[in-house]
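Written below as C-alpha cells is the structure these notes are about.
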Amino acid sequence: MSGESRAKGLSGTLYGIGVGPGDPELLTMKAHRILGEVPVLAVPTSYADAGSMALEVLRPLLAQRERAGRAPDIVSLLFPMTRDPDVLADARRKNAEVLLGALSRGDAAFVALGDILFYSTFGNLLSGLFPLAPDLRVEVVPGITAYAAGVAKLVEPLTQGSERLGVLPAVYAPEEIEKALDLFEVVVFMKINKVFPAVREILSRRGLLDRTAYISSVGMAGERIERRLDRVAPDEVPYMSLLVVRKNGWMPR
Ligand SMILES: C[S@@+](CC[C@H](N)C(=O)[O-])C[C@H]1O[C@@H](n2cnc3c(N)ncnc32)[C@H](O)[C@@H]1O
C-alpha cells in the first residue's frame, strides 16, 4: 500500500503521551483520561528497560482497566541503540508499519518517560510515520520531565532571574562539558552513567561538587537525590540518573 492510500485508510489518532518521571501521581489528568480509554498502547523498548518503566508508571491505571475487562493491547516498538543508518532506517520503517496497522483500526497511544518531546523516541517515531502518512492525526500530551521532578524533590529553583540553562543530552566530550559550564549558570547533564567519571573530574576541578545535585530514579524504586556529588561513587550510577549543576549554588538554609 502506498503512503498516501495508507494515510487515507487511517481512522485513529496517534497520542504521544509523556507519563512523567516515574511517580504515577505525576501523570497529568489528560494523560490519565486518554490512557484510560485508548485501545492500543505502544511502548519503546530501546534502553535500560525504559519501555517497561513507562508501563510501570501506568501500572495502577492498567490494573483498573484490566479489572474492568478493558485492558489495552500493548505493542512494543524496538528502537535499536546503534548509529548504523541502515539498522535505524529499518527499525523506523517497521515501527511505522506496526503503528499504521493499529491506527487503521482505531486510536493508539505511544508513551515514554518524562516529557514525550524532550529527548524521547517519539520524535524518531514521528519521522518514520509522517512520510508514510502525512495527514496522520497526532495529539501530544506533555509530561513532567525528570529534571523538573528532581529539583522539586530538592526544593530548589532550577533557574532564577537571568540564569541561563544548558542541557547536555547524552555522551559528550570533555571539551563540551567545559564549554557548557563556561556558557550557562545552570547545566543539566543527562544519561550520565557512561561519562560520570569525566564529568565528576571536571566539576571537582572547578570546585562545583557541592553545587551539583545527583538525581537518580526520581519517582521510582531506588530513588536517590544528593545535593553534593562527592557522595556518589562512579560504579553506582544507573542509566536513569542526571546531574543539575547550579554554579550560583543552592539557597541558603
Ligand atoms: C532518553 S532520556 C528521556 C528524557 C525524558 N523524556 C524526560 O523528559 O526526562 C533518558 C534520560 O532521562 C533522564 N531520566 C529519565 N527519567 C529519569 C528518572 N526517573 N530519574 C532520573 N533521571 C531520569 C536520565 O538522564 C536518562 O538517562
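The values are calculated or read from the model by the stated rules, or taken from the named source; none is laboratory data. Keep in mind the model is a prediction, meaning the values are calculated, not measured. Neighbour counts run over all protein chains shown; Cβ positions are idealised from the backbone, glycine included. All accessible areas refer to the heavy atoms of the entire protein, side chains included, with ligands and DNA or RNA removed. Shrake-Rupley method; radii C 1.70, N 1.55, O 1.52, S 1.80 Å.
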- Item | Yes/no for A102 being touching a residue at least 40 places away in the same chain (Cβ under 8 Å) and more than 13 Å from the ligand (Cβ to nearest atom) | yes
- Query: Would you say L181 is at negative phi and in contact with a Ser or Thr (Cβ under 7 Å, 6 or more places away or on another chain)?
  - Reply: no
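Only one residue in L154, L126 is within 16 Å of the ligand (Cβ to nearest atom), modelled with pLDDT of 95 or more and open to solvent by 20 Å² or more (accessible area, probe 1.4 Å), so which one is that?
L126
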- Query: Can you find a residue in segment 107-117 that is open to solvent by less than 40 Å² (accessible area, probe 1.4 Å) and more than 16 Å from the ligand (Cβ to nearest atom)?
  - Reply: yes
- Query: Within segment 66-81, can one find any residue that is under 16 Å from G128 (Cβ atoms) and open to solvent by 70 Å² or more (accessible area, probe 1.4 Å)?
  - Reply: yes
- Item | Extreme residue, most open to solvent (accessible area, probe 1.4 Å), among residues of segment 157-210 that are more than 24 Å from D235 (Cβ to Cβ) and within 16 Å of the ligand (Cβ to nearest atom) | L165
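For segment 212-231, enumerate the residues that are over 24 Å from L26 (Cα atoms) and out of contact with any helix residue (DSSP H, G or I) (no Cβ under 8 Å at 6 or more places or on another chain).
Once the filter is applied, which keeps residues that are over 24 Å from L26 (Cα atoms) and out of contact with any helix residue (DSSP H, G or I) (no Cβ under 8 Å at 6 or more places or on another chain), segment 212-231 yields only R231.
Any residue at all in segment 227-235 that is within 21 Å of the chain's Cα centre (by Cα) and either within 28 Å of L58 (Cα to Cα) or open to solvent by less than 50 Å² (accessible area, probe 1.4 Å) (or both)? Give the steps one after another, and end with the answer.
Just the residues of segment 227-235 that are within 21 Å of the chain's Cα centre (by Cα), to begin with: none.
Checked segment 227-235: no residue is within 21 Å of the chain's Cα centre (by Cα) and either within 28 Å of L58 (Cα to Cα) or open to solvent by less than 50 Å² (accessible area, probe 1.4 Å) (or both).
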- Candidates E37, E66, filtered to the one that is acidic (D, E), at pLDDT 95 or above, more than 14 Å from the ligand (Cβ to nearest atom) and in a helix (DSSP H, G or I): E66
